[in-house]
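Quick notes on the structure that follows.
The values are calculated or read from the model by the stated rules, or taken from the named source; none is laboratory data. Just so it is clear, the model here is predicted, and its values are computed rather than measured. Don't worry about glycine lacking a Cβ; one is built from the backbone with ideal geometry, like all the others, and counts go over all protein chains shown. Each accessible area value is taken on the protein alone, full model and side chains, heavy atoms only, with ligands, DNA and RNA left out. Shrake-Rupley method; radii C 1.70, N 1.55, O 1.52, S 1.80 Å.
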Amino acid sequence: MKPGQRLAVFGVGGLGHLAVQIGLGLGAIVTAVDVSDEKLADAKSLGASVTLNAANTNVIKDLRREGGANVAIVTSGIKQVYDTAFRCVRPTGTLLVVGLPSESLCFAPILMAATEIRIQASSVGTREDLREVLALGAAGKVRCQTSTRPLSEVNEVLTQLRQGQVSGRIVLTPR
């Protein structure tokens, strides 16, 4: 990303809250999209310029009104979120696949050709990506939000994760 470009982060949980901070560290104008007002408030406190609740607003219309996103990153594992994110990317922009849905992703070839949207996926970054993220962390621009829970609560934690109720990361401790 280049400074001043628009980044839309779809899903502001464990990965998304980091994407908001990394985007800001790279100079992006960040829009956070989620269905949880609590997670959107977290994104706003992290510096997101705009937050959109996909449960009660037309995200595509709102993002397209601003010219669309140069980059949309989807950290959610829900196929419908990808469908929405794809339509929010401006022509020649990039859709980053990070969350892994159980269903296959499919976008209309005519739309892909007409808009020249690039779709990129990666389970890990390059060494240069790692250096850049570590530099942002060392500069205090990226901080992972964590909470601790005892290992005995693992089933409750997994249920909360499945229901999208976890902000940041949870660390399970032996006691």
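For the pair S122 and N155, label points projected 7 Å from Cα toward Cβ lie 4.0 nm apart.
Only helices enter this figure: runs of n ≥ 4 DSSP H residues, each worth -39500 (n - 2.57), summed and divided by the residues of the chain, yield -10500 deg cm²/dmol at 222 nm to the nearest 500.
The mean sequence distance of close C-alpha pairs (under 8 Å, at least 6 residues apart), as a share of the length of the range 88-175, puts its relative contact order at 25 percent. In the chain, a dipole from Cβ-located charges (positive for Lys and Arg, negative for Asp and Glu) runs towards its positive end, and of F10, T94, L26 it is L26 whose Cα lies farthest in that direction. Label sites at A114 and T146, each approximated as a point 7 angstrom past Cα along Cα to Cβ, lie 4.7 nm apart. When both the range 73-121 and the range 1-34 are represented by their alpha-carbon centers, they are found 16 Å apart. With protein chains left intact and a 1.4 Å probe, residues in the range 40-175 average 64 Å² of accessible area per residue. Classified by the C-alpha gyration tensor, the range 42-85 has a rounded form. Its axis ratio a/c, with a ≥ b ≥ c, is below 1.5.
Each Lys or Arg adds one and each Asp or Glu takes one away; over the other residues whose Cβ falls under 10 Å from the Cβ of N70, this sums to +3. Highest mobility in the GNM of the chain, judged by mean-square fluctuation with C-alpha springs under 10 Å and restricted to I73, I110, I29, is found for I110. With R₀ fixed at 30 Å, the C-beta to C-beta distance from K2 to R162 puts the FRET efficiency at about 0.25.
Give the shape of the range 63-116 as rounded, prolate or oblate, defined through the alpha-carbon gyration tensor: a ≥ b ≥ c are the square roots of its eigenvalues, a/c under 1.5 means rounded, and otherwise the shape is prolate if a/b is larger than b/c and oblate if not. Since a/c reaches 1.5 but b/c is at least a/b, the shape of the range 63-116 is classed as oblate.
Note on K44/E66: beta-carbon distance plugged into 1/(1 + (r/R0)^6) with R0 of 22 Å gives a FRET efficiency of 0.85. Of the accessible area of the range 1-139, computed with a 1.4 Å probe over protein heavy atoms only, carbon and sulfur atoms account for 56 percent.
Protection proxy ranking for 115-125, 158-168, using the average of other Cβ atoms within 10 Å per residue and placing the highest first: 158-168, 115-125. Shape of the chain from the C-alpha gyration tensor: prolate (a/c of 1.5 or more and a/b above b/c, with a ≥ b ≥ c the square roots of its eigenvalues). Sorting the segments 9-22, 128-141 by their residues' average number of neighbouring beta-carbon atoms within 10 angstrom, most packed first, yields 9-22, 128-141.
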